[in-house]
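Read-outs: derived from the displayed coordinates by stated rules, not from any lab. Worth saying up front: this structure is predicted, and the values here are computed from it rather than measured. Using ideal geometry, Cβ is built from the backbone for each residue, glycine included, and neighbour counts are taken over all protein chains shown.
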Amino acid sequence: MTRPALNIALIGSGFMGRAHALAFAAADRTFDLPRAPHVALLADRDLPKATAAAASLGIARASGDWREAIDDAGIDLVAIATPNRLHAPIAIAALEAGKAVYCEKPLATTIAESEAMTAAAAASGLPTAVGFTYLYNPMIVLARELIAGGEIGEVTAFRGIHAEDFMASADAPFNWRCEPDQAGGALADIGSHIIAMARHLVGDIAVVSGRLHTAYPTRRDAQGTDRAVTVDDQMDAVIEFASGATGTLAASWIASGHKMGLAFEVSGTRGSIAFTQERFNELRLYRSGPGRTNGFTTICAGPEHGDYGAFCPAPGHQIGYNDLKTIEVKAVVEAAAGLPSAAKSFADALAVERVADAIRRSHREGCWIGLQTA
Ligand SMILES: NC(=O)c1ccc[n+]([C@@H]2O[C@H](COP(=O)([O-])OP(=O)(O)OC[C@H]3O[C@@H](n4cnc5c(N)ncnc54)[C@H](O)[C@@H]3O)[C@@H](O)[C@H]2O)c1
């Protein structure tokens, strides 16, 4: 039977734009999808870049204006892979034009924008999805199942960090991620991933006390001008979950030596789970018990874990970052087809943004901030 096409306009042709295009192509060959994803248009404000990327990725049309995607009645879904400032205007315009939206994280640059996006999604009744890519890892699927199944007992603590070092050098150039109104610093950029992970594994966060730090107050931009940096290079927070478990969250893009250190440990009354994205085909599990040889076990990813088997029939051979993006896209296509889906919606991403906002407020006001929980 021929499946209906899901016509997609992709906005942005940088790191994530390419990852989306590759994932849409791979997902249709890797999974049995309810609709056939077809990236029909690639828009970037840099038209020569869009044209070159479209040609190399096999996308028929390129545009220098994202509004072309909104005005095109043949587009079913808009995928947003632009700097954060543009997420809200593109997503709201797309939803008002009757298109589903797949948006990169973080949802937006302010709570007001995040709320407006979530309200537009609710008013439209259309599916939305946000790119919390690391949650789709088969080892994270396993961790969630182990925690929910009581394997480590009652969760007492989550200690997590998202550590990278792409801004660790004083010579790292000022870029859009340093602009407060375009992005929002390490907390917004990578902190959103570790907040999403904490919520995904342990549940709602009820109280935070946060501290932000800017290590480099100026950076030089691509034109050679020294620019003041007002966003954070690193964030540290103490948290308490609605369940009563406590813990810490940190995010740093100046964490020298860490290339993709999204790492955490979940402690429970009968065991622990430990993970780092730098070795993301492994999960470490500890079950409490006596014995001289009792300790952490390293579990290697294999076909019995999540969607690993769709890529490889052999355990331990490992999947890669683009495969995680492909699993994410499967969830996006299922959501767009109106099916049950693992996709994280705008409402889920708003909850992440509320935690990030509470950490910022706590830093500014020097006090604990409580959050509303379900
Ligand atoms: N899920 C993940 O693992 C992950 C990883 C990296 C980045 N991201 C997110 O993806 C988004 C993009 O990040 P990136 O690393 O790809 O950035 P990037 O700088 O590599 O690419 C951004 C692209 O957007 C284009 N752009 C800028 N203004 C535009 C406009 N007005 N209209 C159309 N295109 C425009 C730029 O020309 C560029 O091609 C960000 O929101 C970021 O937080 C997510």
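Before moving on, here are some points about what is shown:
- Only Cα pairs under 8 Å and 6+ residues apart enter the sum, and on that basis the relative contact order of segment 5-133 stands at 23 percent.
- Counting 0.36 nm for each residue step from R144 to E278 and taking away their Cα separation leaves a gain of 46.4 nm.
- For K99, the lysines whose Cα comes closer than 28 Å to its Cα, not counting residues fewer than 8 places off in the same chain, are K49, K325, K330, K344.
- Judged by the ratio a/c of the largest to the smallest principal axis of the C-alpha gyration tensor, segment 96-245 counts as oblate, that ratio being 1.5 or greater while a/b is no larger than b/c.
- Seen from every direction in turn and averaged, the convex hull around the alpha carbons of the chain projects onto 19.8 nm².
- Spin-label proximity, E304 to segment 126-146 - amide N less than 18 Å from point 7 Å beyond Cα toward beta carbon: 138-146
- Helical content alone sets the calculated 222 nm signal of the chain at -9500 deg cm²/dmol, taking -39,500 (n - 2.57) per DSSP H segment of four or more residues and averaging over every residue.
- Packing-based ranking of 107-113, 352-358 yields 352-358, 107-113, ordered from highest to lowest mean Cβ neighbour count within 10 Å.
- Loop-resident GluC sites (Glu not before Pro) (DSSP state other than H, G, I, E or B) in segment 126-187 with no more than 14 further Cβ atoms inside 10 Å of their Cβ: E154.
- Per DSSP, loop trypsin sites (Lys or Arg not before Pro) in segment 15-114 with at most 16 further Cβ within 10 Å: R45
- Oblate is the label for segment 1-123. Its Cα gyration tensor axes, ordered a ≥ b ≥ c, give a/c of at least 1.5 and b/c at or above a/b.
- Nearest-0.05 FRET efficiency for A55 and T225, computed from C-beta distance (R0 35 Å): 0.55
- The chain, relative contact order [Cα under 8 Å, separation at least 6], %: 19
- Whole-angstrom gap from segment 321-374 to segment 281-304, using each part's C-alpha centre: 29
- Segment 129-158 and segment 36-75 have Cα centres spaced 36 Å apart.
- Neighbour net charge for V238 - beta-carbon separation under 11 angstrom, K R +1, D E -1: 0
- Taking a ≥ b ≥ c as the square roots of the eigenvalues of the Cα gyration tensor, an a/c ratio of 1.5 or more together with a/b no larger than b/c marks segment 67-184 as oblate.
- Ranked H258, H213, criterion: other C-beta atoms within 10 Å, fewest first: H213, H258
- Distance (nanometres) between label positions extended 7 Å along Cα→Cβ at A116 and R270: 4.9
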